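First up is the structure itself, then whatever we jot down about it.
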Amino acid sequence: MFRLYCIELEFRDRLTIGVKRERGLYILITGLLLLAGVAYANSNSEETRSKARYYFMQGSVEASSKNMPEAYEYFKRAYDLDPNYRDAAFTYGGQRLFIQTDTLQSNEELKRSLEMMREYVDSNPKDLYATQMYGYLTTALDTVEESARVYKATYELIPTETQLLQQLADSYMRLMKGKEAISTLEKYETIEGKSKEVSLKKITILLAEQDTLGAIAEADALVRSNPRDPYNMILKGNVYEVVGLPDSVLKAYKEAEALAPSNGAVKMSLAQYYRNTGDSVMLDNMMYEALLSEEFELEDKLGILGDYLQKLIDESGDKARGDHLFSVLLEQYPYEPDVREMSARYAGAKGDYASAAEAVRYAIDMDPSNEQYWLMLLSYELTDSKYADAVKDYESAKEHVEPSLRLKNLYAAGVSMLEDTEESQRRLEELLKETDERLNPVSSTESDREAVRKGLTYDELVWVSSLYCMLGDNQYKKGQVDKAYEEYDKSLFFFGDNALALNNYAYFLSEEGKDLEKAKKMSRRTLDLVENNPTYLDTYAWILYKLGDYREAKEYMELALELAEQQGDDNEEYQKHYEAIKEAVGE
């Protein structure tokens, strides 16, 4: 959709402030607006046609100023006045395709929008831009036969525009017309010569049709067209890999390496080959050489190494291999914050949160205005139970960045875990007042909270709910049970689907033996909101146990234990609950 939207903007810009080829002349659209040479049926009165032209001109003016809703209304008026006004029909039809309403996006209306555009395209077959715009939209809306029709017709009229052949071939490929696609691509090659891009399309078609010999022959033909190009040889190796000829794969890649010994793409192709064949030593050698290659920019190297390290971690491989390769990048770019950031992510992925925090501190020193680095630092500190450090570093972050809700949320999480519950309470209340002074815990009333809630965005509602939830947890730790319940009620008032607030509220009610049916309802809601959470399942099982539903409680508790084991959650409370439930069942 993004791509479609970008093309829509490009189309609008071209239509309103660009130029258009017509009868061999370039006519400035803004100002003249196609008043010269517009061809459409003469079925309306001159007055009606003049009004339609006026509205089209006004729409174009609004569009040139990026006032698209106003432009849309003017184009619609122009079309409604004179449906035979092809320029208005084309523009209005194109814009309708981007109006996100159920009515205009129904299949019938989508087809109607295309029909509005089609008449202009068919009447102006040499308008290359209109053809390509229409062809793209017909393809996007799965009417590929139509795109093939207009590309073919326009190319026959403008044979110098060879890109239409590629677009026509793409349409044939989508229509599963392999022979027609290859024939069209060969026609393109006759004019423009061989290229990797076209050969790759032909090879894709041939492989899809299981013509392996034809695919290999096409790769050979590409190599013959330029035998000194290592990328042609890489493509040939890729074809051998797909058809299952590993010895030929290595031979092709080695020939590519002989052509370009320091080429990074060649190194990566060989690295993939050694990965597939399980040769970890040669894999690391190729990765090392790729990281040293001057053909790759830092961004490319970070992507290459990041992919390699992630696979190494996922496969539980030798972390020392990753450490060695990462040292290569650090030696090359010791003062690049992005490298330090990746170093932090790598350490965090390995579970070494202290090293991760240290690495991201280097990145912060180099670029303290980057909030992402502060987010990472606080996340690692919280994961490593360094709550006081996280609180302290948040104060440092405020000297360099305007904290986002994400950063404030991490800070609040650290605050809520402080041993000093009074200090924790004070800081959480300050955050509430920062959000809106009417949430001052001393003077806040229910009507204040209602007024505040109406003015908050979704993210802000979740944020305020989280603060009240943390205040509830804090009050419970202090032994102020009733006050804790009040805070949870406030939390759910701002965001009723706060799963953590629902869970904690429900669990503490069950521990106190109060309102178990309410607790059950809240806990059941957490299971709908968050799947496969052992803590929430444990709470629900425990409430069922308190209600006397022992067998159902046992089923949920066993599921909680199974998930906890899978997720490495070794909370001792689960086992205690399970033993109590089993005893109640009589096991």
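The values are calculated or read from the model by the stated rules, or taken from the named source; none is laboratory data. Since this is a predicted model, take the numbers as computed values, not measurements. Cβ coordinates were reconstructed from backbone atoms using ideal geometry, including for glycine residues, and neighbour counts include every protein chain displayed. Keep in mind that these areas ignore ligands, DNA and RNA; they rest on the heavy atoms of the full protein, side chains included. Shrake-Rupley method; radii C 1.70, N 1.55, O 1.52, S 1.80 Å.
Out of 456, 461, I need the residue that is touching a Phe, Trp or Tyr at 6+ places or on another chain (Cβ under 8 Å) and outside any helix (DSSP H, G or I). Which one?
Just one listed residue meets the conditions, 456.
Considering segment 344-388 alone, what residues qualify as being surrounded by fewer than 20 Cβ atoms within 10 Å (Cβ to Cβ), under 24 Å from the mean Cα position of the chain (by Cα), assigned to a helix (DSSP H, G or I) and of a type outside the set (Gly, Ala, Ser)?
345, 371, 372, 375, listed by residue number.
Going by the conditions given, is residue 517 within 26 Å of residue 481 (Cα to Cα), assigned to a helix (DSSP H, G or I), charged (D, E, K, R) and modelled with pLDDT of 95 or more? It would help to see each step written out before you state the result.
Numbers: within 26 Å of residue 481 (Cα to Cα): yes; assigned to a helix (DSSP H, G or I): yes; charged (D, E, K, R): yes; modelled with pLDDT of 95 or more: yes.
Judged against the criteria, residue 517 is a match.
What are the residues in segment 149-161 that are open to solvent by 10 Å² or more (accessible area, probe 1.4 Å) and of a type in the set (A, V, I, L, M, F, W, C), if any?
If the condition is that a residue be open to solvent by 10 Å² or more (accessible area, probe 1.4 Å) and of a type in the set (A, V, I, L, M, F, W, C), then 153, 157, 158 are the ones that fit.
Here is a yes/no grid of residues against (1) more than 27 Å from residue 496 (Cβ to Cβ); (2) hydrophobic (A, V, I, L, M, F, W, C):
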site: 531; (1), (2): no, no
site: 538; (1), (2): no, no
site: 545; (1), (2): no, no
site: 548; (1), (2): yes, no
site: 553; (1), (2): no, yes
site: 561; (1), (2): yes, yes
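How many of the residues in segment 137-158 are assigned to a helix (DSSP H, G or I), over 34 Å from the mean Cα position of the chain (by Cα) and of a type in the set (Val, Ile, Thr)?
So the answer is 1.
Does any residue of segment 427-450 turn out to be farther than 20 Å from residue 378 by Cα, of a type in the set (A, V, I, L, M, F, W, C), free of Cβ contacts under 8 Å to residues at least 40 places away in the same chain and in a loop (DSSP other than H, G, I, E, B)?
So far as segment 427-450 goes, yes, one or more of its residues are farther than 20 Å from residue 378 by Cα, of a type in the set (A, V, I, L, M, F, W, C), free of Cβ contacts under 8 Å to residues at least 40 places away in the same chain and in a loop (DSSP other than H, G, I, E, B).
Of these, 308, 231, 273, 240, which one is part of a helix (DSSP H, G or I), open to solvent by less than 50 Å² (accessible area, probe 1.4 Å) and more than 30 Å from residue 350 (Cα to Cα)?
Exactly one residue qualifies, and that residue is 240.
Is there a residue in segment 193-209 that is over 34 Å from the mean Cα position of the chain (by Cα), at pLDDT below 95 and open to solvent by 50 Å² or more (accessible area, probe 1.4 Å)?
Yes - at least one qualifying residue is present in segment 193-209.
Criterion first (open to solvent by 50 Å² or more (accessible area, probe 1.4 Å), of a type in the set (Asp, Glu) and farther than 20 Å from residue 175 by Cα) does residue 145 satisfy it?
no
What are the residues in segment 503-541 that are open to solvent by less than 30 Å² (accessible area, probe 1.4 Å) and of a type outside the set (Ser, Thr, Tyr), if any?
The answer is 503, 504, 506, 509, 519, 522, 527, 534, 537, 538, 541.
Scan (1) open to solvent by 50 Å² or more (accessible area, probe 1.4 Å); (2) modelled with pLDDT under 95; (3) not in a loop (DSSP other than H, G, I, E, B) for the single condition residue 574 breaks and write down its number.
(1)
Just give me the residues in segment 311-338 being outside any helix (DSSP H, G or I), open to solvent by 70 Å² or more (accessible area, probe 1.4 Å) and modelled with pLDDT under 80, in sequence order.
Selection gives 315, 316, 318.
Taking the options 341, 297, 257, name whichever one is open to solvent by 70 Å² or more (accessible area, probe 1.4 Å) and not polar (S, T, N, Q).
Among 341, 297, 257, only 297 is open to solvent by 70 Å² or more (accessible area, probe 1.4 Å) and not polar (S, T, N, Q).
Could you check, for segment 461-470, whether at least one of its residues is under 21 Å from residue 514 (Cα atoms), surrounded by fewer than 18 Cβ atoms within 10 Å (Cβ to Cβ) and out of contact with any helix residue (DSSP H, G or I) (no Cβ under 6 Å at 6 or more places or on another chain)?
No, segment 461-470 contains no residue that is under 21 Å from residue 514 (Cα atoms), surrounded by fewer than 18 Cβ atoms within 10 Å (Cβ to Cβ) and out of contact with any helix residue (DSSP H, G or I) (no Cβ under 6 Å at 6 or more places or on another chain).
Mind checking which pairs have a first residue in segment 451-466 that is touching a residue at least 12 places away in the same chain (Cβ under 8 Å) and over 18 Å from residue 489 (Cβ atoms) and a second that is of a type in the set (A, V, I, L, M, F, W, C) and not in a loop (DSSP other than H, G, I, E, B), Cβ under 6 Å, 6 or more apart or different chains?
Partner pairs satisfying both residue conditions: 459/405.
Just checking, which of 55, 92 is of a type outside the set (Gly, Ala, Ser), within 26 Å of residue 140 (Cα to Cα) and either modelled with pLDDT of 85 or more or not in a loop (DSSP other than H, G, I, E, B) (or both)?
It is 92.
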